[in-house]
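Worksheet for the structure shown next.
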C-alpha cells in the first residue's frame with residue numbers, strides 16, 4: 001500500500017506542497033509511478049505523481065527546487081509536446097525524459113530543447129537519482145537568479161521617474177555635469193538623485209550599479 005501522503009492527481013486530490021524539493025513524475029503506467037515514488041521518497045525528496053501531461057499542467061507553481069521526470073509517450077499531450085508547453089509556462093523547470101520506446105530523433109529533439117537527461121527503460125536507479133540531483137541543482141540556481149532579478153526589479157520600481165533617468169545616464173557613463181545638461185537640472189541636484197539611486201538600489205559602487213542595470217536589461221550606451 002502506498003504511504004498515506006501519496007498524491008495521485010488523476011484522483012483529483014491535492015495537498016499543500018512541502019518545503020523539501022519536489023520531483024514531479026508524469027507517466028501513464030501506474031507501476032512506473034509507484035516504483036519511482038518509492039525511489040524518490042527514499043532519496044529524501046517529495047514525489048508528485050501524474051498520469052497525464054494535462055494533470056501536471058493543472059498543478060500550481062511551486063516555490064521550492066523541483067524537476068520533472070517525464071515519459072515521452074503519453075495519452076493526449078505527448079512528453080515532447082509537454083516540454084514545449086513547459087518552456088513557455090514554467091521556464092527553468094529541468095526535465096528528465098524516460099521512455100521505453102526511445103529513438104535517436106526524439107532524443108535529439110528533447111535534448112536540444114533543454115532536457116537534462118534521456119533515460120531508456122529499464123534504467124539503473126542510480127542513473128535516475130544522479131539526473132534528479134543535477135536537475136534540482138539547476139532548479140536551485142534558476143530560482144536564486146530569478147529571486148535576485150525580482151529583487152532588483154522591485155528596487156528599480158521604487159525609484160522615481162527622475163531617479164530612473166539619472167540612473168540610466170550614469171550607467172551609460174555620463175558625468176554628473178553631463179547628466180545635468182541632458183536633464184536640464186543642476187549638478188548638485190544630479191548628485192542628490194544619484195545618491196538616492198545608490199541607496200535605493202543598494203549599490204556599493206558605480207560598477208555595482210552598472211552590473212545591476214545589465215541584469216535588469218537596461219540598454220547601455222555603445223562605446
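The values are calculated or read from the model by the stated rules, or taken from the named source; none is laboratory data. None of these values were measured; they are calculated from a predicted model. As a convention, Cβ positions derive from the backbone with ideal geometry for all residues, glycine included, and neighbour counts pool all protein chains shown.
In the range 50-70, is there at least one residue being within 19 Å of residue 31 (Cβ to Cβ) and at pLDDT below 90?
no
Going by the conditions given, is residue 136 part of a helix (DSSP H, G or I), in the same structural domain as residue 42 (by TED's automatic domain parsing) and either surrounded by fewer than 17 Cβ atoms within 10 Å (Cβ to Cβ) or touching a residue at least 60 places away in the same chain (Cβ under 8 Å) (or both)? Step through it out loud before you land on a result.
On the way: part of a helix (DSSP H, G or I): yes; in the same structural domain as residue 42 (by TED's automatic domain parsing): yes; either surrounded by fewer than 17 Cβ atoms within 10 Å (Cβ to Cβ) or touching a residue at least 60 places away in the same chain (Cβ under 8 Å) (or both): yes.
Considered against the rule, which asks whether it is part of a helix (DSSP H, G or I), in the same structural domain as residue 42 (by TED's automatic domain parsing) and either surrounded by fewer than 17 Cβ atoms within 10 Å (Cβ to Cβ) or touching a residue at least 60 places away in the same chain (Cβ under 8 Å) (or both), residue 136 comes out as yes.
Against the definition (in contact (Cβ under 8 Å) with a residue 60 or more places away in the chain and in the same structural domain as residue 137 (by TED's automatic domain parsing)), how does residue 36 come out, yes or no?
Working: in contact (Cβ under 8 Å) with a residue 60 or more places away in the chain: yes; in the same structural domain as residue 137 (by TED's automatic domain parsing): yes.
So residue 36 fits the description; yes.
Identify all residues within the range 190-208 that are crowded, with 16+ Cβ neighbours inside 10 Å and farther than 11 Å from residue 163 by Cβ; write none if there are none.
203
Scan the range 44-58 residue by residue and report those that are touching a helix residue (DSSP H, G or I) at 6+ places or on another chain (Cβ under 6 Å) and farther than 29 Å from residue 105 by Cα.
Selection gives 47 alone.
Can you tell me how many residues within the range 59-94 are farther than 28 Å from residue 145 by Cα, in contact with a helix residue (DSSP H, G or I) (Cβ under 8 Å, 6 or more places away or on another chain) and not in a strand (DSSP E or B)?
So the answer is 6.
Just one of 118, 97 is outside any helix (DSSP H, G or I), more than 15 Å from the chain's Cα centre (by Cα), within 22 Å of residue 45 (Cβ to Cβ) and at pLDDT 90 or above; which is it?
On inspection, the qualifying residue turns out to be 97.
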